[in-house]
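Trainee: Here you go, one structure.
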Amino acid sequence: MTPQSHLDGFLSAEHPLSPRGLFANLPAAIRPVVTPKLATVWEQDTAALPRALAHARRRYRGFAERELRDRSLAADLAPHPKPGEVLPSLAALLKTAGREGMLTDLLPRPLGSASLGSYRYPLVWTQALRSEELARVCGGQMLLLSAHSLGVIPIVFAGDLSAIRRFVVPAYRQTMAGDPHLFAYAITEPSAGSDAEEGHGASVSQPNVVAKRVSGGWSLQGRKIFISGGDIAKSITVFASLESEGIESWTCFLVTNDMPGFEVVRNELKMGMRASAASELAFHDVFVPDDHVIGSPRQGWAINRATLNASRYAVAGMAVGLAQGATEAAIDFACRTRLAGKSLMDFQEVQLQIANMMTETAAIRGMLWQAARKAYVARQDRSSMCKFQCTDEAVRVVEMALELMGNHGTLHESGVEKIYRDARLTQIFEGTNQINRLAVIEDQQEHFLARIERN
Amino acid sequence: METLLNEEDVQTALGEVRRFARGAVSSNVERPEHPLPRHSLEALVSVATEAGFIPDASDEPTGLWVDLNDPLGPTLSARTLETLASVNPGIAWACHVRAMPVWLAGRLNRPEALGERETVVPLHGCYGLGRAALPRYLAGAELAVDDRAMLKDWLMPAQKDARRVVHAPAGFDSVLSPYFDGDSVRWIRQPIGALDPLPVGPTLGLDEVDAVALASSDAGIPLGPENPEEARNVFAEALAIQSLALVAVGLGCLRHARDLAREQAKARKQGGRSIAHHPAVQSLIGSADSAVAVVDALLDRMSDGPLRGSRVGEMFAIRADAHPLLCRGATDALQVFGGSGYMQDVGMEKALRDSQQLRLMGGTPGDLARFVAEWERVR
Ligand SMILES: Cc1cc2nc3c(=O)[nH]c(=O)nc-3n(C[C@H](O)[C@H](O)[C@H](O)COP(=O)(O)OP(=O)(O)OC[C@H]3O[C@@H](n4cnc5c(N)ncnc54)[C@H](O)[C@@H]3O)c2cc1C
């Protein structure tokens with residue numbers, strides 16, 4: 001077959017009216033300004049990043065393509081393993097990810113695997129780039145690798161160097177040696193979901209996990225639910241109220257899975273992101289020694305809110321990656337499917353839809369990068385704006401991909417129906433998108449009050 | 001055909017369907033995380049057939065899509081499906097799939113078209129909705145060479161690996177396929193063996209039925225109709241029936257999801273009170289409520305009067321907006337549940353998947369809208 005010189009409705013690059021050829025004839029002085037180099041959106045965006053982050057982005061993409069791509073559909077279909085068990089292929093992934101420094105990038109080398117160069121930029125930006133590239137290939141495996149970092153952030157944000165030295169550094173070392181020591185983050189309780197993410201709700205919430213003072217430490221009693229990676233984590237940052245007090249007394253405890261009384265009750269059967277389990281955890285009088293308190297007692301709520309302010313950028317990154325993955329799947333489909341002798345890519349309605357998907361994805365990526373590049377201090381308003389806007393828009397992009405592929409998009413083998421199921425989670429966790437909208441208002445409250453006062 | 005049904009008959013029949021749905025169907029699908037086993041689906045469909053909700057190959061079939069010339073016939077069929085879908089959309093779809101070949105064999109006056117075991121009628125071609133060629137053909141407009149090529153390839157693709165996907169319980173032994181012979185859309189009865197059926201694993205929704213990809217082949221017994229005008233009408237009617245079915249099943253599905261969301265909002269406390277009191281949650285439930293109300297009215301409109309192929313444009317116009325509305329309602333209803341909505345045992349994620357699946361079958365909203373534009377232009 002002779003190669004197609006142009007898509008239907010367009011001029012070929014060689015056509016006398018095509019800008020590409022015409023620009024080449026403009027005066028040499030102006031030519032570089034009006035003639036961009038031929039580049040995909042990925043290449044343009046990567047080139048716009050600072051060098052250290054561009055390098056990180058390429059590394060994340062390489063890792064995702066090499067390690068996640070082939071596991072993606074099978075991991076989604078596999079039955080959820082029993083608590084504590086990991087599918088052999090995912091166990092192998094975790095080992096490789098550990099060795100390659102994908103699980104230890106919250107600390108700089110040699111304590112962790114982050115390059116010193118990347119520390120010149122906000123950590124949340126690097127984390128958002130990472131979650132984007134991993135989610136672009138597989139939401140479930142991305143979550144498996146990312147929930148771990150979420151479990152570590154509270155220790156970093158407690159500013160407790162001793163805890164970092166005692167808990168994170170040895171775990172990172174073990175992980176980089178190929179024996180993954182995973183963390184998880186546990187705030188959600190049967191009676192406190194949104195209440196664990198939002199101050200007003202927290203102030204009236206009845207805590208479920210309670211810490212009672214005992215000699216030499218604390219005894220934890222109660223349940224946490226929906227904890228990502230809670231089934232295989234060796235260390236869990238668990239937030240608990242002190243006896244007879246409310247969430248204002250929340251304290252962050254480092255619970256290890258070998259502590260007597262700790263139980264993984266069950267793994268949920270989820271709609272998507274199925275390579276990562278969401279677990280119910282029970283604490284039956286789990287003794288936690290004093291030196292496993294992260295930060296100080298009663299600092300838990302602050303640590304939790306700071307953690308969420310940072311991690312919501314990463315959730316927005318996931319959404320961008322899922323939108324990107326869906327867009328690429330739709331483009332692949334349009335380029336390989338023919339109807340009545342033409343490639344689908346030749347049809348204007350398909351071109352319009354693909355342009356929409358590319359642009360919506362670029363728009364949310366732009367919003368996220370714009371906010372993240374300044375997020376040396378993770379702001380609640382910005383991180384929540386990015387979280388709900390990027391996730392809502394990403395779901396719309398995935399719907400467009402499904403629509404472009406029609407009936408074929410509904411097949412598991414298409415990969416896009418899985419992206420839809422994965423993407424739907426991003427509108428729910430780390431605070432529902434309703435709660436994130438309220439978080440924007442909460443953070444801007446003083447300004448609104450001042451205006452009310454003025455009126 | 002003489003008019004047989006009155007309002008009371010319809011209500012009585014729907015009452016029986018409701019009892020069946022809330023009894024036998026409901027008790028089989030209490031655990032949304034465990035799709036109905038095949039034998040249970042077959043047993044339920046058999047019971048529905050015996051009860052007369054689904055027609056069989058007998059001389060005097062009753063049930064779905066049988067009385068379509070009767071002014072109340074389309075309403076009865078559509079509301080039957082909606083009622084079944086409010087308990088389980090997959091079972092409702094399986095009933096529709098079972099009824100379609102009986103309707104078609106009757107419409108073509110070819111009772112021998114029905115297979116030994118099961119027969120299916122895949123209506124959507126390999127991709128899309130035949131672009132502008134389909135509305136031109138159905139409106140009786142002049143067809144250009146490209147239009148003919150499009151209709152031919154859409155219904156029976158020339159590309160070797162292009163397959164038509166059928167959503168039906170696997171195990172059917174024959175397929176009644178529409179094909180374009182250069183002049184009209186006619187029908188052919190194809191033994192399954194000629195179509196190299198390929199199970200294509202799970203799909204986004206409708207877990208109870210399978211997805212089977214069929215290879216392209218023109219092998220089979222032609223069924224007509226000879227008359228071009230008649231051929232046009234039959235195909236348009238088939239598409240109109242499918243539209244009714246998709247919207248009716250979607251509406252039942254959303255009604256169920258909306259009801260569950262209401263119960264959840266009443267029971268769940270966050271922010272110091274029942275979440276039903278938070279405007280954020282009221283907006284979500286209100287969105288599901290309004291989607292139910294609007295699509296309910298649209299379904300009334302679609303099923304108003306005897307079914308005519310000439311109304312296919314209107315049916316498609318309605319579907320183009322009904323499905324996005326149904327999906328919006330379903331996703332908002334799920335959101336009322338927060339994290340538990342994401343878990344399979346609650347049933348909300350299934351309702352959302354089913355709604356999305358229905359949106360993408362038989363032409364997507366974009367395909368339908370473009371169809372309508374061309375249909376209105378040329379007719
Ligand atoms: C797959 C998965 C993984 C998860 N991983 C983790 C994890 O690793 N660690 C962890 O701790 N948690 C995790 N979660 C929990 C998640 O963060 C919560 O599910 C989420 O915050 C919502 O809480 P909820 O489920 O209790 O919903 P609810 O709080 O019950 O919300 C129900 C509805 O009420 C609305 N609502 C609630 N309160 C208010 C209010 N005050 N004003 C207005 N509207 C309100 C919500 O927006 C929602 O629409 C995970 C959840 C899922 C599904």
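The values are calculated or read from the model by the stated rules, or taken from the named source; none is laboratory data. Quick caveat, the model's predicted, so the values are computed rather than measured. Glycine gets a Cβ as well: all are built from the backbone with ideal geometry, and neighbour counts include every protein chain shown. Just so you know, the surface numbers come from the protein's heavy atoms only, side chains and all, with ligands and any DNA or RNA stripped out. Shrake-Rupley method; radii C 1.70, N 1.55, O 1.52, S 1.80 Å.
Trainee: DSSP beta bridges in the protein assembly as shown, what fraction antiparallel, as a percent rounded to 5? If you can, show how the numbers build up before the last one.
Mentor: Working: 51 of 60 bridges.
Bridges in the protein assembly as shown that DSSP calls antiparallel: roughly 85 percent.
Trainee: Among the GluC sites (Glu not before Pro) within the range B:1-83, which fall in a DSSP loop and have no more than 10 other Cβ atoms within 10 Å of their own Cβ?
Mentor: Values: sites: B:Glu2, B:Glu7, B:Glu8, B:Glu16, B:Glu30, B:Glu33, B:Glu42, B:Glu50, B:Glu82; in loops: B:Glu2, B:Glu30, B:Glu33.
Passing sites in the range B:1-83 are B:Glu2, B:Glu30.
Trainee: Per residue, how large is the accessible surface of the range A:374-427? Use a 1.4 angstrom probe and give square angstrom. Walk me through the intermediate numbers first.
Mentor: Working: 1510 Å² over 54 residues.
Value returned for the range A:374-427: 28 Å² of accessible area per residue.
Trainee: Say each of B:Glu7 and B:His39 gets a label point 7 Å from the Cα, pointing the same way as Cα to Cβ; how far apart are those two points in nm?
Mentor: Result: 4.6 nm between the two label points.
Trainee: Looking at the range B:244-379, what % of the alpha carbon pairs are farther apart than 27 Å? Before the final figure, lay out each step's value.
Mentor: Details: 2458 of 9180 pairs.
Value for the range B:244-379: 27 percent of Cα pairs lie more than 27 Å apart.
Trainee: Shifting gears a bit: What is the dipole size for the range A:281-384, taken about its Cα centre, with +1 at each Lys and Arg Cβ and -1 at each Asp and Glu Cβ, in debye to the nearest 20?
Mentor: Numbers: 11 positive and 9 negative charges, 78 e Å.
Approximately 380 debye in magnitude.
Trainee: At a threshold of 8 angstrom on Cα-Cα distance, excluding pairs fewer than six apart, so keeping six or more, what relative contact order does chain B reach in percent?
Mentor: Values: 691 pairs, mean separation 74.8, N = 379.
20 percent.
Trainee: Mind scanning A:Lys82/A:Lys224; A:Lys212/A:Lys234; A:Lys342/B:Lys160; A:Lys387/B:Lys350; A:Lys234/A:Lys387; A:Lys418/B:Lys269 and naming the pairs with a C-alpha gap bigger than 20 Å? Numbers along the way, then the final one.
Mentor: Details: A:Lys82/A:Lys224 18 Å; A:Lys212/A:Lys234 23 Å; A:Lys342/B:Lys160 14 Å; A:Lys387/B:Lys350 25 Å; A:Lys234/A:Lys387 28 Å; A:Lys418/B:Lys269 31 Å.
Checking Cα-Cα distances, A:Lys212/A:Lys234; A:Lys387/B:Lys350; A:Lys234/A:Lys387; A:Lys418/B:Lys269 exceed 20 Å.
Trainee: What is the interface area between chains B and A, defined as buried accessible area summed over both chains with a 1.4 Å probe, reported in Å² to the nearest 100? Before the final figure, lay out the partial values.
Mentor: Details: alone 16280 and 20700 Å², together 32900 Å².
Counting protein atoms only, the buried area is about 4100 Å².
Trainee: How much of the pair distance distribution for the range A:43-182 lies past 23 Å, counting alpha-carbon pairs only, in percent?
Mentor: Values: 3338 of 9730 pairs.
Roughly 34 percent, rounded to a whole number.
Trainee: How well do other chains shield peptide B:340-346, expressed as the mean number of their Cβ atoms within 10 Å of each residue Cβ?
Mentor: 6
Trainee: To the nearest 20 debye, what is the magnitude of the charge dipole of the range A:306-454 about its Cα centre, counting +1 on the Cβ of each Lys and Arg and -1 on the Cβ of each Asp and Glu? Write out the running numbers ahead of the final one.
Mentor: Values: 17 positive and 18 negative charges, 68 e Å.
Charge dipole, the range A:306-454, about its Cα centre: 320 debye, nearest 20.
Trainee: Restricting attention to the range A:23-70, which trypsin sites (Lys or Arg not before Pro) occupy a DSSP loop and are surrounded by at most 11 other Cβ atoms within 10 Å?
Mentor: Working: sites: A:Lys37, A:Arg51, A:Arg57, A:Arg58, A:Arg59, A:Arg61, A:Arg66, A:Arg69; in loops: A:Lys37.
Here the sparse-neighbourhood loop sites are A:Lys37.
Trainee: To the nearest 0.05, how large is the calculated FRET efficiency for A:Leu7 and A:His447 if R₀ is 60 Å and r is the Cβ-Cβ distance? Could you put the intermediate results ahead of the total?
Mentor: On the way: r = 49 Å, r/R0 = 0.82.
Approximately 0.75, to the nearest 0.05.
Trainee: For the range A:373-426, calculate the relative contact order in percent as a whole number, restricting contacts to Cα pairs under 8 Å that are 6 or more residues apart. Mind showing how you got there, number by number?
Mentor: Values: 26 pairs, mean separation 15.8, N = 54.
Relative CO of the range A:373-426 lands at 29 percent.
Trainee: What are the aspartates and glutamates whose alpha-carbon lies under 20 Å from the alpha-carbon of A:Lys95, with same-chain residues fewer than 8 places away excluded?
Mentor: A:Glu65, A:Glu67, A:Asp70, A:Asp76, A:Glu85, A:Asp105, A:Glu133, A:Asp179, A:Asp231
Trainee: Restricting the count to DSSP beta bridges whose residues both fall in chain A, what percent are antiparallel, rounded to a multiple of 5?
Mentor: Details: 30 of 37 bridges.
Around 80 percent of the beta bridges assigned by DSSP in chain A are antiparallel ones.
Trainee: Normalised by the residues of chain A, what does the relative contact order come to in percent, with Cα pairs under 8 Å and at least six apart? Don't jump to the answer; show the numbers that get you there.
Mentor: Details: 832 pairs, mean separation 72.0, N = 455.
Contact order relative to length: 16 percent.
Trainee: Additional query: Where does chain B land on Rg/Rh, using Cα atoms and the Kirkwood Rh? Spell out each step's value before the answer.
Mentor: Working: Rg = 20.5 Å, Rh = 21.1 Å.
Rg/Rh for chain B comes to 0.97.
Trainee: If you don't mind, there's one more thing I want to ask. Counting other Cβ atoms within 10 Å, which trypsin sites (Lys or Arg not before Pro) in the range A:354-431 have at most 10 and lie in a DSSP loop?
Mentor: Values: sites: A:Arg365, A:Arg373, A:Lys374, A:Arg379, A:Arg382, A:Lys387, A:Arg396, A:Lys418, A:Arg421, A:Arg424; in loops: A:Arg373, A:Lys374, A:Arg379.
Nothing satisfies the criteria.
Trainee: Magnitude of the Cβ-charge dipole of the range A:184-301, K/R +1 and D/E -1, about the Cα centre, nearest 20 debye? It would help to have the intermediate numbers written out before the result.
Mentor: Numbers: 9 positive and 15 negative charges, 49 e Å.
About 240 debye.
Trainee: For the range A:1-52, with every protein chain kept in place, what is the accessible area per residue (1.4 Å probe, Å²)?
Mentor: On the way: 4270 Å² over 52 residues.
Per-residue value: 82 Å².
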